[in-house]
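Asker: For reference, the structure I am asking about is given below.
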Amino acid sequence: MNGSPAVELSGVSREFDVSRPWLARVVAGEPRRYLTAVKDVTFAIERAETFGLVGESGSGKTTVARMVVGLLPPSEGRVRIDGVSLTDPGSAAARQRFRRRIHMVFQDPYASLNPRWRIERIIAEPIRAFGLARSNEEVADRVDELLSLVGLHSGDRFRFPHEFSGGQRQRVAIARALASSAELIVCDEPTSALDVSVQAQILNLMRDLQDRFELTYLLISHDLAVVRHMADRIAVMYLGRVVEIGDGRTLFQSPRHPYTRLLLNAVPDVSTRGRPDAEIAGEIPSPIDPPPGCAFHPRCPLAFDRCRREVPALLDGVACHAVHEETVAA
Amino acid sequence: MLSIRDLRVEFAMRRGVLTAIDGVSFDIGRGEVLGVVGESGAGKSVTGAAIIGLVDPPGRVADGEIRLGGERIDGLSEDEMRAVRGRRIGMIFQDPLTSLNPLFSVGDQLVETMRSHLDLTAGEARRRALALLVEVGIPAAEERIGAYPHEFSGGMRQRVVIALALCAEPELVIADEPTTALDVSVQAQILALIKRLCRDRGTAVMLVTHDMGVVANTADRVAVMYAGRLAEIGPVSDLIDQPLHPYAVGLMGAIPSLDQDARRLVQIPGTMPRLSAIPGGCAFHPRCPQAFERCAARRPPLVAKDGRTVACHLYDGSAEAAR
């Protein structure tokens, strides 16, 4: 433990090779093609904080999550967990220590639990893998404790995942994340597959566990209301870049980037009834061939010449030429 | 326009008869949007399927009546029903890719649908198809009319599906989770489009969704369903600001909102019952914070209260009688 943030991303980019197979490419004389899923993303997550990442499909949220947990190496830039880089060749031993402290909860609770394992084995796996218990009795005690923490019964340990509802499965996934005493939990759309009343139960549970164990969450969701409810700080992504970042309440009350404004205008919410229908044009362009300059300029009401040429830098929490120039002028 | 009375849908299973829809009644007027909300298993989609006569065996409409424009449409033969579907009732489903035929261009699909329901020549149908594509906001419609479904993005595909649903000028459109597969910015466009087109043509819309936010911004009235029954039905603003039924109250509290700072969300204990084990009396009573004896014993009837209709013993006078 030291003073560094729980997670630190500096200039992280990730490309995927989406070229056609070698022969087809050579016959057609095509070059290799790359998709830039994440470009130059920099942010830090403090301990015991909930950091929300929002954006529409194709904005790169999930790729960021996968790089944070180490499932994907970044093409450029660095991901540091507790100040130690996951990709440094020299820090294998340190990496092993950090591995235990990061866990991920996935969107689909039907696909993320092994259907042939009993709940006990699923939850005990991290305990055994990291050698956190000395005997089988100790493992069993720990599983019991975890089940009661997430609101399941001790008897549920002998059941299989298919015997549970979606919400209960998500509880199992959270218990598994806590099994290795993880400090950072990356939640990728944890409640998207659940009904609202079940979603409320899971979000409340996540809050309670955070208070109790000082957990750090990286919460990824396309549902702005969920992120608003849970997150202390929020980053908005568009086509692989962070366009705005800031304190949750400020960002929602006075959004600055035109895309954030568009997004907030578009969300149907019970509190925005009777609002005139927002006029929003266009859809997200393909990430294989993003527009030059600011990727948002073809849909942006404020776009001017400079936006078509120059990628705006993330200054003072917002990446937009129009906002920057206004600030300078004022 | 559409009027449903005491609808009951049953599924005859090996282990007994499951009642998926039990005594549902509602009306939708011309140009009105009725939102039907509820969690998974509440019976929203089955209600929609029953109206268009697409409840698959072993399910069947066991009781009640469905009237469209005053005329009964339940119990029609398969051939008669086919003439109603597409012509008098249009449908928009969640996944636009499965509602379009991948082997035909969108223009051909529109022309074919129109010609099978309306008396049009090929040339007239083509002109109307083009006009419709322009109306639903397909850019460069003249070039895109010959394109195949896979050449469109998700939002554009859903626009084509809307054009297809409206091409025979139906009286009623059933939209079952029309925007669930789309991103928020596209969702807003599609909802505005459905609203505008139906208002202009006086088409009634039944909007089935699990998203209260969508209903709040699109519907005129809302029906809340629970375990195959109606819990509450009324104007959208009343129901959202002051829900009466305890289930509706819980549902509203469970939704995180953009302009609040609640530390915790309201939690409804337990989960929706299975169809094979719907509790006696009021189906919601085991989870209801305000349940009393009568709730377990008798099923509450739908009663009028403050401009709404609600099925709860708290409002039918029996709560005072019990005290």
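The values are calculated or read from the model by the stated rules, or taken from the named source; none is laboratory data. Values in this document were obtained by computation on a predicted structure and should not be read as measured data. Cβ placement follows ideal geometry from the backbone for every residue including glycine, while neighbour counts extend to all protein chains displayed. Ligands, DNA and RNA are stripped out before the accessible areas are found, and what is left, the full protein with its side chains, is counted by its heavy atoms. Shrake-Rupley method; radii C 1.70, N 1.55, O 1.52, S 1.80 Å.
Asker: Quick test for you: out of A:Thr36, A:Thr42, pick the one residue that is surrounded by fewer than 21 Cβ atoms within 10 Å (Cβ to Cβ), touching a Leu at 6+ places or on another chain (Cβ under 8 Å) and under 28 Å from A:Glu283 (Cβ atoms).
Answerer: A:Thr42
Asker: Continuing with this model, one more query. Tally up the residues in segment A:247-269 that are away from chain B (no Cβ under 12 Å) and either in contact with a Ser or Thr (Cβ under 6 Å, 6 or more places away or on another chain) or closer than 25 Å to A:Val105 by Cβ (or both), please.
Answerer: Looking only at that region, the number is 1.
Asker: Could you list all residues from segment A:10-23 that are part of a strand (DSSP E or B), out of contact with any Gly (no Cβ under 7 Å at 6 or more places or on another chain) and of a type in the set (A, V, I, L, M, F, W, C)?
Answerer: A:Phe16
Asker: Between a first residue in segment A:24-50 that is part of a loop (DSSP other than H, G, I, E, B) and a second residue that is at pLDDT below 90 and of a type in the set (A, V, I, L, M), which pairs have beta carbons less than 6 Å apart while being 6 or more apart in sequence or on different chains?
Answerer: Correct list of pairs: A:Arg33/A:Val18; A:Arg47/A:Ala6.
Asker: Given the condition open to solvent by less than 20 Å² (accessible area, probe 1.4 Å), hydrophobic (A, V, I, L, M, F, W, C) and free of Cβ contacts under 8 Å to residues at least 40 places away in the same chain, answer yes or no: does some residue in segment A:118-137 qualify?
Answerer: no
Asker: Let me ask another. All but one of (1) over 28 Å from A:Asp223 (Cα atoms); (2) in contact with a His (Cβ under 6 Å, 6 or more places away or on another chain) hold for B:Thr309, so report the exception by its number.
Answerer: Failed condition: (2).
Asker: Same structure, new question: Check B:Gly86 against each of (1) open to solvent by 30 Å² or more (accessible area, probe 1.4 Å); (2) at pLDDT below 90 and name the one condition it does not meet.
Answerer: Only one criterion in (1) open to solvent by 30 Å² or more (accessible area, probe 1.4 Å); (2) at pLDDT below 90 is unmet by B:Gly86, namely (1).
Asker: Another question, then. Only one of (1) out of contact with any strand residue (DSSP E or B) (no Cβ under 6 Å at 6 or more places or on another chain); (2) crowded, with 22+ Cβ neighbours inside 10 Å is not met by B:Gly202, so which one is it?
Answerer: The number of the failed condition is (2).
Asker: Select from segment A:211-246 the residues that are away from chain B (no Cβ under 12 Å) and assigned to a helix (DSSP H, G or I) and write down the one among them that is least open to solvent (accessible area, probe 1.4 Å).
Answerer: So, considering only residues that are away from chain B (no Cβ under 12 Å) and assigned to a helix (DSSP H, G or I), the one least open to solvent (accessible area, probe 1.4 Å) is A:Phe213.
Asker: OK, next. Determine whether A:Val227 is β-branched (Val, Ile, Thr) and at pLDDT below 90.
Answerer: Spelling it out, it is not the case that A:Val227 is β-branched (Val, Ile, Thr) and at pLDDT below 90.
Asker: Hey, among B:Gly281, B:Gly270, which residue is assigned to a loop (DSSP other than H, G, I, E, B) and under 19 Å from B:Arg8 (Cβ atoms)?
Answerer: Every option except B:Gly281 fails the conditions.
Asker: Can you tell me which residue among B:Ser105, B:Ser77, B:Ser116 is under 24 Å from the mean Cα position of the chain (by Cα) and hydroxyl-bearing (Ser, Thr, Tyr)?
Answerer: Only one candidate qualifies: B:Ser77.
A quick yes/no check of all residues on (1) under 30 Å from B:Arg67 (Cα atoms); (2) without any contact (Cβ under 8 Å) to a residue 60 or more places away in the chain; (3) open to solvent by 20 Å² or more (accessible area, probe 1.4 Å):
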site: B:Val106; (1), (2), (3): no, yes, no
site: B:Val134; (1), (2), (3): no, yes, yes
site: B:Gly137; (1), (2), (3): no, yes, yes
site: B:Ile145; (1), (2), (3): no, yes, no
site: B:Ser153; (1), (2), (3): no, yes, yes
site: B:Val160; (1), (2), (3): yes, no, no
site: B:Lys195; (1), (2), (3): yes, no, yes
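Asker: Of the residues A:Arg207, A:Arg261, which is in contact with a Lys or Arg (Cβ under 8 Å, 6 or more places away or on another chain) and among the basic types (Lys, Arg)?
Answerer: A:Arg207
Asker: Please note which helices (runs of 4 or more DSSP H) are completely contained in segment A:56-161 and include at least 3 residues that are basic (Lys, Arg).
Answerer: A:92-99
Asker: Just name the residue that is surrounded by the fewest Cβ atoms within 10 Å (Cβ to Cβ) out of those in segment B:272-299 that are under 21 Å from B:Gly16 (Cβ atoms) and touching a Cys at 6+ places or on another chain (Cβ under 8 Å).
Answerer: Within segment B:272-299, the match that is surrounded by the fewest Cβ atoms within 10 Å (Cβ to Cβ) is B:Arg299.
Asker: While we're looking at this one, here's another question. Restricting attention to segment B:164-175, does a residue exist that is part of a helix (DSSP H, G or I), touching a residue at least 60 places away in the same chain (Cβ under 8 Å) and open to solvent by less than 10 Å² (accessible area, probe 1.4 Å)?
Answerer: Yes: one or more hits.
Asker: Shifting gears a bit: Give me a count of the residues in segment B:54-82 that are open to solvent by less than 40 Å² (accessible area, probe 1.4 Å) and either closer than 18 Å to B:Ala12 by Cα or touching a residue at least 40 places away in the same chain (Cβ under 8 Å) (or both).
Answerer: Residues that pass the stated criteria total 6.
Asker: Then there is this: For B:Leu302, indicate whether it is surrounded by 17 or more Cβ atoms within 10 Å (Cβ to Cβ) and either at pLDDT 90 or above or in contact with a strand residue (DSSP E or B) (Cβ under 8 Å, 6 or more places away or on another chain) (or both).
Answerer: yes
Asker: Then there is this: Search segment B:241-271 for residues being at the interface with chain A (Cβ under 7 Å from one of its Cβ atoms) and open to solvent by 60 Å² or more (accessible area, probe 1.4 Å), and hand back the single one that is modelled with the lowest pLDDT.
Answerer: Filtering segment B:241-271 for residues that are at the interface with chain A (Cβ under 7 Å from one of its Cβ atoms) and open to solvent by 60 Å² or more (accessible area, probe 1.4 Å), the one modelled with the lowest pLDDT comes out as B:Asp259.
Asker: Test B:Val186 against the criterion of being within 12 Å of another protein chain (Cβ to nearest Cβ) and either surrounded by 18 or more Cβ atoms within 10 Å (Cβ to Cβ) or not acidic (Asp, Glu) (or both), and give yes or no.
Answerer: Answer is yes for this residue.
Asker: Out of segment B:1-18, which residues are of a type in the set (Lys, Arg) and either at pLDDT below 90 or crowded, with 19+ Cβ neighbours inside 10 Å (or both)?
Answerer: B:Arg14, B:Arg15
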